[in-house]
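The values are calculated or read from the model by the stated rules, or taken from the named source; none is laboratory data. This is a predicted model, so every value here is computed, not measured. Every residue, glycine as well, gets a Cβ built from its backbone with ideal geometry; the counts of neighbours run over all protein chains shown. The protein model used for the area step is the full one, side chains on, heavy atoms only, and it has no ligands, DNA or RNA in it. Shrake-Rupley method; radii C 1.70, N 1.55, O 1.52, S 1.80 Å.
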Amino acid sequence: MSDSYHIQGTDADSSAAADPSPNDPSPSDSPANETVRPGETEELTPTIEEIPESQSVIRSEELTVHYGDEQALQPVTVGIPEREVTAIIGPSGCGKSTYLRCLNRMNDMIDAARISGTVRFRGADVYADDVDPVALRRKIGMVFQKPNPFPKSIYDNVAYGLKIQGFDGDMDARVEQALRDAALWDEVKDQLDSSGLDLSGGQQQRLCIARAIAPDPEVVLMDEPASALDPVATAKVEDLIADLSERYTVIIVTHNMQQAARISDKTAVFLTGGQLVEFGDTDQIFENPENQRVEDYITGKFG
Amino acid sequence: MVRKEYQIKLDELRDDVLYMSEVVAERLRLALDALEQQDGDLGEEVITGDAEVNELYLELERDCIDLIALQQPVAGDLRFIAASFKIITDLERIADLATNLGGYAGEAHHEVYPDVDIQLIGDQTLEMIETAMNAYREETADACYEVSEMDDDVDELCESASELVVRDLIQREQLESDEDIEATMRDVSRLLLTIRDLERVGDHAVNIAARSLYMIENDDDLLY
């Protein structure tokens, strides 16, 4: 606990800052209210597959988060494998979004958030004093639940990060590449000057993905990226995630367990009280989880 | 407990598979009785009764597919449904083998080979089915291995029985009349088929145990 950080709201941007975790906890399903039957707590000994240092792009060690007095995350120690899709699942209020937001310091924007432990990105502490969170987020990009394009043209949405970065190369080529990689180019190539807000929900989300990948990040974090989309748009985003994982490490929080099963290589299961209970190959988690409470959760016996 | 309807459907599937196994074991029991009593009519009953088993089989197959399509089962539930889906196929095959036995009942005359104890082998296979289905119901891995061991006995019994029949045939004095030759050919071939069919029943019981073991422990140790 020696290296504990008290983060004050440092970044300007932040409509999201008001609520610690907009998608998650409501008073009714906060961890304290979860019914724990006697004798079950012992079963919560985590089963965490060890990803070798050399293959993990992000690694958290004893990472905990408090919002005020409430502990949102029990110590999490896990390595995230490079160029694979890691899904994070768990009931509401289990800390999965909180964990995701620690990885690129999105929790910096929340005044009450207190983080301890470490997050290492390619071995370097992302909470070190000399790390610029904005620069960090170009390396570890993020896509949110609700598509949130800027009220700008499609072109400017994608070029935004690159401009901030001071990119002075062939902007047209980079914008086109990002839109192609986001499987959106063919649909928007003749209307690059029209507003991003004029696109359909599914297109907007792919635009946000294009925006996230334009600065050429190494990791893309996704927080429920398809939950506001219809099945066809969801399928497109899911296909896209598979494509992205050839070049990027993708970490995706999802409520939809079938989605996690379909698209991920590894699955992390968070349960009651912000504990990472099991982390391993997705097929193993969904066919034969080690932990009884993970089994109960994914088969719907509680939740 | 949430997903109550789903839990009820899972329980129903288990009950229905167990019911099917009882019907199938009963068919096999009847077929063995028909053989023992050389009762062609009873044998015929086993054959016509197979339609009921086929119907049960198709119904349960449909139930499994519906559960997979509509409920997206995972983990233990998925293994349970996958195991059930395979087990009903083995049960259906056992019932088919029982109809074979029923068909032999009116034709064969086993008293010419008093040392071949078809009933003993038959009882062993019935016990295997019961043990395997108990393993499925109670989720006991040990019982699965037990079935596999019982099958070694059945295989041995079947092999020595076949040997006995063939050896006896070779050593038999030359048959004179065409009628005798005909009758002996029929008896011997029927008896060898009976032994082989019972041996196959044992194999299906092992399959049921193997699928149950997969269901219980995600262990494919007994599969082939």
Subset of segment B:151-188 [open to solvent by less than 20 Å² (accessible area, probe 1.4 Å) and within 16 Å of the chain's Cα centre (by Cα)]: B:Asp151, B:Val154, B:Cys158
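Name the helices (runs of 4 or more DSSP H) wholly within segment A:87-169 that hold at least 2 residues that are within 30 Å of A:Ile298 (Cα to Cα)? Talk me through it step by step, then tell me what you get.
Details: elements: A:96-103, A:133-139, A:154-165.
Counting at least 2 such residues, we get A:96-103.
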Those residues of segment A:113-133 that are within 22 Å of A:Pro81 (Cα to Cα) and of a type in the set (Asp, Glu) come to a total of 1
When the residues of segment B:26-83 are filtered to those that are within 14 Å of chain A (Cβ to nearest Cβ) and among the β-branched types (Val, Ile, Thr), which remaining residue is most open to solvent (accessible area, probe 1.4 Å)? B:Ile68
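So which residues in segment A:174-210 are touching a strand residue (DSSP E or B) at 6+ places or on another chain (Cβ under 8 Å) and either part of a helix (DSSP H, G or I) or closer than 26 Å to A:Val85 by Cα (or both), if there are any at all?
Looking only at segment A:174-210, we keep the residues that are touching a strand residue (DSSP E or B) at 6+ places or on another chain (Cβ under 8 Å), and these are A:192-196, A:205, A:208-209.
If the condition is that a residue be touching a strand residue (DSSP E or B) at 6+ places or on another chain (Cβ under 8 Å) and either part of a helix (DSSP H, G or I) or closer than 26 Å to A:Val85 by Cα (or both), then A:Gly196, A:Gln205, A:Cys208, A:Ile209 are the ones that fit.
Matching residues to (1) away from every other protein chain (no Cβ under 13 Å); (2) assigned to a helix (DSSP H, G or I); (3) more than 30 Å from A:Ala178 (Cβ to Cβ); (4) modelled with pLDDT under 95:
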position: A:Ile251; (1), (2), (3), (4): yes, no, no, no
position: A:Thr267; (1), (2), (3), (4): no, no, no, no
position: A:Leu276; (1), (2), (3), (4): yes, no, yes, no
position: A:Gly280; (1), (2), (3), (4): no, no, yes, no
position: A:Glu290; (1), (2), (3), (4): no, no, yes, yes
position: A:Glu295; (1), (2), (3), (4): no, yes, yes, yes
Does any residue of segment A:234-245 turn out to be within 17 Å of the chain's Cα centre (by Cα), within 13 Å of another protein chain (Cβ to nearest Cβ) and not acidic (Asp, Glu)? no
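In the list A:Tyr127, A:Tyr67, A:Tyr99, which residue meets the criterion of being surrounded by 17 or more Cβ atoms within 10 Å (Cβ to Cβ) and closer than 15 Å to A:Leu221 by Cβ? Before you say what the answer is, go through the steps one by one.
Numbers: A:Tyr127 fails: closer than 15 Å to A:Leu221 by Cβ; A:Tyr67 fails: closer than 15 Å to A:Leu221 by Cβ.
One residue alone meets the criteria, A:Tyr99.
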Please work out if A:Val219 is touching a Ser or Thr at 6+ places or on another chain (Cβ under 6 Å), modelled with pLDDT of 95 or more and over 17 Å from A:Pro149 (Cβ atoms). yes
